[in-house]
Amino acid sequence: MLTYVLKRVLFMIPTLIAVSIVAFVLIQLPPGDFVTTLAAQMSQMGDTIDPTTLAMLREQYGLNEPVWKQYFIWISNILLHGDFGRSFDWGVPVSELIWDRLGLTLVLSMTALIFTWVVALPIGIYSAVKKYSVGDYVASFMAFIGLAIPNFLLALILMYLSYRFLGISIDGLFSREYADAPWSWGKALDLGQHLIVPVIVLGTSGTAALVRIMRANLLDELYKPYVTTARAKGLSEWRLIFRYPVRSAMNPFVSTIGWTLPELVSGATVTAIVLNLPTTGPLLLRSLIAQDVYLAGAMILMLSVLTIIGTLISDLLLAWLDPRVRYQ
Amino acid sequence: MGQATTTAPHPHASPDKSVTDGRLQGLERAGAWRLFWWKFKKHRLAVGSGILIILIYLISMFAEFLAPYAPGDYGARYTYAPPQGLHIWDGENFSLHVLGYDVEFNPESYEREFIVDPEQKVPLGFFVKGSPYKMWGLFASDIHFLGPLDPSQPMYLLGADRLGRDMLSRIIYGTRVSMTVGLVGVSLSLFLGVLLGGISGYFGGHIDNAIQRLIEFLLAIPTIPLWMGLAAAIPPTLPPLQVYFMITIILSLVGWTGLARVVRGRFLAMRNEDFVTAARLDGAGEVGLILRHMLPSFSSHIIAAVTLAIPVMILSETALSFLGIGLRPPVVSWGVLLQEAQNIRSVATAPWLLTPGLAVVITVLALNFLGDGLRDAADPYAD
């Protein structure tokens, strides 16, 4: 197991490097550089900026250096000093802006992942065991609908319905009195209440996909001879199903975290923008539109890194669950 | 169907004449495409969805004629006018009409309110004269499939938007852009996917390893933030058509991975099949072997994978345009239309702004069902 863990962690390093290069390229794509944008902004507000200050800023961020050197300056500032550069839209260092939001994004994605599992597992098992029953058809139909509705549309519909029929607005993650308050039980509870709608919105498409996977996996297992043997031994039906076929059907299920997680983070971005959640989504959109490149790059980098780490955890989980994976 | 049998891999694929009476000749004498078709026909939901998709593409082809108005036609008097019901009976006779509006000023909310007035009848007709257009940029005409007989009277079957533009017409025009984004994006993905997946599966070894790592890497990045970053880098001054192509290129950057996996899997499975060995011993070159013998034998799988990739493209374009970093007005796509519904205030005053979403959901559902049916049919010998 230890060798497997080491191998997987080592394999992750090139991926992380590649992700950082992609994020850096995204920063470089818009025409002009950070300093020209800053100068343009200052002159728009009527201020002039001293050319020597501009030159100094260029020097500080190494903007006169070749691109590969700029990359090394950027990435080593991040790795060694935790310095992601400055957001010129907000006028503060990027690191001051992103950590809270990344934390909330993580909470949202993880809750949605757990929701997806808790809902998809029983429905998937039911659909497979009671194949072609009314419940199975209803589940399959809902699964298809869930796959076809884009996240943001579902968010809009839920927002409209709750506004129209309950008279409440469901955006944000905190009530007004808790928004800037320090963490307390009351605030956590408030967050929990506000998470319900975003989690449902985010979890729907993932749940739909997992129900179908679980159903297919379990159907492959249910008619194998070992199940008949167990039944012949006189094991009660539900105990039998949970003890043997469900366990082997779970394996491919665990490995799906690898691709559910990137999807959840993607979905969380759009959903957060519609529901106006204080996660990375709205900040990323705003920074992209304002060409606040360091902020945008930092967020794309960190979201990807989080996803890759999540995928690593799911791989390790799978290896722990299913020893065969380790020896491949 | 018949002409495809020549490229089928099965040694006893029959020439055209002997399969004319279909089933009588038996399963083992039917060509691959015929088997594909038989299997597909059994999947009724998929066949229905296929017909629906063809209809949607027809709508997008004849948008100018089918839409009652041009997408930019606005009516200041009818901002946020609610949808009118279509009536076909006036109590005694058949008469196609909608009911007109009365506009009232609500003194409490300071808003204009539309009230449907049963006294005002707006007679409708087929093939009526309306706003002029140029079909496919070639034929000038002003005949519309359905519209009010008197062009000055209002007809808003799905309501009107902020500028009093007809939602139905805009959805019909949006079909053109949204559906072709899927097609163009998938064609690009298909090219990349078949090329890289083919190389990966055919040559194997280090090349395969490198391409597989690349795919895994692309799948590990959350796509929406990546797309957002790329789309935001498109200069806002670019003409709409170029933005359109940039968006499709961005979408296919990730989209090819799924297709590459399918192609690679097929190549790996087929590399050691007898008919491939036979062709190789016959002196077929590498390129000829791939293009003439291997590709045709799994093109049904590729068609299925392509069908399942189109809805992903459509959903992505919709999401990007909705956020305001994809296609931009005056281009009309479903995502651009949904942009109008971005905040809860406008959705609360005009819920019909969400109708383009319904078009998205129906299309995506139909494409998924169709793709599922095609995928099942691609393995005609299974069960």
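Since every read-out is calculated from the coordinates, none of them should be taken as a lab result. Note that the structure is a prediction, hence the values are computed from the model and not measured. Note: ideal-geometry Cβ built from the backbone for every residue, glycine included; neighbour counts use all protein chains shown.
Tabulated data for the structure shown
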{"quantity": "Within-15-Å neighbourhood charge of A:VAL92 [Cβ basis; K, R +1; D, E -1]", "calculated": "-2"}
{"quantity": "Against the rule of thumb 2.2 N^0.38 Å, how large the Cα Rg of the range B:233-383 comes out", "calculated": "1.42"}
{"quantity": "Alpha carbon convex hull of the protein assembly as shown, volume per residue in cubic angstrom", "calculated": "253"}
{"quantity": "For the range B:154-195, radius of gyration divided by Kirkwood radius, i.e. Rg to Rh on alpha-carbons", "calculated": "1.32"}
{"quantity": "Kirkwood hydrodynamic radius of the range A:175-245, Cα pairs, Å", "calculated": "16.0"}
{"quantity": "The range A:184-328 pair-distance distribution - Cα-Cα, 5 Å bins, rounded %", "calculated": "2, 8, 12, 13, 15, 14, 11, 9, 7, 4, 3, 1, 1, 0"}
{"quantity": "Residues B:SER252, B:SER178, sorted so that the one with the fewest Cβ neighbours within 10 Å comes first", "calculated": "B:SER252, B:SER178"}
{"quantity": "Simple spin-label estimate for A:ASP180 and B:ARG345 in nanometres, 7 Å along Cα-Cβ", "calculated": "2.3"}
{"quantity": "Using a Förster distance of 35 Å, the FRET efficiency for B:TRP89-B:SER141 (Cβ separation, nearest 0.05)", "calculated": "0.70"}
{"quantity": "Mean Kyte hydropathy of -1.0 or more with a Cα span along the axis of at least 27 Å, helices from DSSP in chain B", "calculated": "B:167-203, B:240-270, B:299-323, B:355-377"}
{"quantity": "Whole-number Å³ per residue for the convex hull built on Cα positions in the range B:172-297", "calculated": "132"}
{"quantity": "Kirkwood Rh, Cα atoms: Rg over Rh of chain B", "calculated": "1.07"}
{"quantity": "Whole-angstrom gap from the range B:335-354 to the range B:247-288, using each part's C-alpha centre", "calculated": "44"}
{"quantity": "Ranked A:PHE24, A:PHE144, B:PHE275, criterion: other C-beta atoms within 10 Å, fewest first", "calculated": "B:PHE275, A:PHE144, A:PHE24"}
{"quantity": "FRET efficiency, 1/(1 + (r/R0)^6) with R0 35 Å, evaluated for B:GLN212 and A:MET1 via beta carbons", "calculated": "0.90"}
{"quantity": "Spin-label model distance (nm) - A:VAL138 vs A:ASP220, 7 Å beyond Cα toward Cβ", "calculated": "2.9"}
{"quantity": "Residue order, fewest to most surrounding Cβ atoms within 10 angstrom, among A:LYS69, B:LYS39", "calculated": "A:LYS69, B:LYS39"}
{"quantity": "Whole-Å distance, taken between Cα centres, linking the range B:102-129 and the range B:172-242", "calculated": "47"}
{"quantity": "With eigenvalues of the C-alpha gyration tensor scaled by 5 and rooted, the range A:4-142, Å", "calculated": "48, 21, 14"}
{"quantity": "Under 5 Å, built H, 5+ apart or other chain: amide partners of B:SER95", "calculated": "B:TRP89, B:ASP90"}
{"quantity": "FRET efficiency, A:ARG58 to A:LEU79 (Cβ-Cβ, R0 22 Å, nearest 0.05)", "calculated": "0.50"}
{"quantity": "Convex hull projection area averaged over all views, the range A:82-196, Cα basis, nm²", "calculated": "11.1"}
{"quantity": "Shielding by other protein chains, A:103-116, mean Cβ within 10 Å", "calculated": "0"}
{"quantity": "Partner lysines for A:LYS131 [C-alpha distance under 20 Å; skip if fewer than 8 residues away on the same chain]", "calculated": "A:LYS224, B:LYS42"}
{"quantity": "Candidate lysines - alpha carbon under 22 Å from A:LYS187, same-chain residues fewer than 8 apart omitted", "calculated": "none"}
{"quantity": "Size of chain A as Cα extents on the principal axes (Å, biggest first)", "calculated": "87, 56, 37"}
{"quantity": "Bins of 10 Å from zero: percent of alpha-carbon pairs in the range B:213-274", "calculated": "19, 37, 24, 14, 5, 1"}
